[in-house]
Amino acid sequence: MLLLTPLEASAESAAPPRTAVPAGETVPAEPAEDPEPSSQEFQTLPEPAPAPGRSGCDEQHLKELRDAGQERAVCVEWGDPQEAPKRKAAQPGRAAKSAASTFWCSNQNMDKTYVTRTSICSRRSMTILLVDTMTGRVWGKARGYTEQEINTKNNSVEFDEHFKFHLTKSDLTSSLMTVKVESICSLDDSCKQSSGPWAEKPQPITVGQSVEGHWTRSWNGNKGRKTFLLQYDIIVNIASSFGDLSWGGHREPGGGTYKVRCDNSVTKYAGCVVPSFTPTLVVPKKHKEARLFIAVAQASMSTHPGLEGGGKPLHREGSEAQAKKNRDIVCDKTFKAASNTPKPSCDEYPFARSKESGRRLGVTSGKSCQWYWVAEDTVNGKKNRLLMWDGLFEAKLPPANAKCARASMPAGQNKGVGGELGKKTSEWRLLNNDAYWVDVGAKK
């Protein structure tokens, strides 16, 4: 058995603020107002291939068994599913309430892993072969599938997993089959794990039946962070022969599909998340001017920072000292607030709290950033605000080669977006260099 183990401008470069007047067709469409933008509820990871030679009945494996005096081999392999037709896709947290299944990804495609920031759900098809070690002849075949769901909490160091194996079809009718699944969450003592109902006793199984098990785990640490690469081993006995299949841990591309990270670095409470899920900061509609500023910056900059489907995600800057240096460069002394911006402040995008801040990309002064300002005027007793930039009335976007954007932005808008990012940093337990998208309702 293989062990197993989250509008500003330089005074030198900016044109004088204009009076805010309707810009007609030259103004880019504002972010969608209805419905409220929402982040992707789950993401999909490909299932890794098993390590070579671990499960297949290759000649070397059969020879080893022959030399040991074993006449038949049990080989457990991924693939060749015997599954029901796909049903309508379920959403995380809703499928679990259905009587059809306790796994929220049960209506999704086989042989993939689905993740949210606090959950991992996987379905994998499996084939079991009974093979003659002398001739390589297949005496019998069985098919089934595994389902597993890992759930974490962002305010608790405990996380648990439910596991199921279902036998769909078998022509090994005269042979007793038993299965057992073992799991380890860490090779050191940093993870406490319950033994699980399968750990000591193999369970008999026949066609159409399922056997299920549950593990409860917890991080033993109280400082810093710890990442657990969960590993598994399923052991199948047929008469006097047995075989097994291992997965998880470091055997997977990208460092582990079944990965949980716990920390006590973000809030006063420790908690655990699924770091392979990239969350999305959805900026609320009430921050209208800030949303439009980010939308135009994302659309016009050639790198489209933070725009899912168009660019790359932003990454958390965990150092307050570095974030201050980022702000001090982009919002340096060349920033002059627009005279018609109410209660102005220096706003910047990408955020100072990101690795993609202009300073980190080589910018030495905010005067080289794109320049925007929010202008407010009063028409017929009603106050109106527009996001402005040089070239707006000529239907021109700001420079695409700019590495940052800054704006003369009402302080409430600026602080509001910063507050949303702060809340989500805690909720998602974003640590230094963790990735996230920024959604302001603009089309990709």
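Some notes on this structure:
- Members of Lys403/Lys424; Lys63/Lys259; Lys112/Lys424 lying beyond 29 Å, as alpha-carbon distances in this model show: Lys63/Lys259
- Kirkwood-type radius of the range 227-316, with distances r between different C-alpha atoms, in Å: 17.4
- Counting 0.36 nm for each residue step from Asp377 to Ser302 and taking away their Cα separation leaves a gain of 23.8 nm.
- Pairwise centroid distance, computed over Cα atoms, of the range 389-444 with the range 286-327, Å: 4
- Gain in span if fully extended, Lys285 to Lys268, counting 0.36 nm per residue against the direct Cα distance: 3.1 nm
- Per-pair calculated FRET efficiency, R0 = 22 Å: Arg137 and Lys63 via Cβ, rounded to 0.05: 0.90
- Volume per residue of the convex hull around the Cα atoms, evaluated for the range 343-423, comes out as 106 Å³.
- Computed FRET value (nearest 0.05) for Asp111 with Lys192, which takes r as the C-beta separation and R₀ as 35 Å: 0.65
- Dipole in debye (nearest 20) - the range 157-315, about Cα centre, beta carbon charges: Lys, Arg +1; Asp, Glu -1: 840
- J(HN,Hα) series, the range 134-148, from Karplus relation 6.51 cos²θ - 1.76 cosθ + 1.60, nearest Hz, glycine and proline x: 7, 10, x, 5, 8, 7, x, 9, 10, 10, x, 7, 10, 10, 8
- Dividing the radius of gyration of the alpha carbons in the range 303-444 by their Kirkwood radius gives 0.97 for Rg/Rh.
- Annotation for the range 262-343: trypsin sites (Lys or Arg not before Pro) lying in DSSP loop with at most 14 further Cβ atoms inside 10 Å of their Cβ are Lys268, Lys286, Lys333.
- Extension gain for Lys325 to Asp160 (0.36 nm times residue separation, less C-alpha to C-alpha distance): 55.3 nm.
- In the full protein context, the range 143-191 carries 42 Å² of accessible surface per residue, based on a 1.4 Å probe and ignoring ligands, DNA and RNA.
The values are calculated or read from the model by the stated rules, or taken from the named source; none is laboratory data. As the structure is a computational prediction, the values presented were derived from the model and not from experiment. Note that we place each Cβ from the backbone using ideal geometry, even for glycine, and neighbour counts take in every protein chain shown. Areas reflect the complete protein model, heavy atoms only, side chains present, ligands, DNA and RNA absent. Shrake-Rupley method; radii C 1.70, N 1.55, O 1.52, S 1.80 Å.
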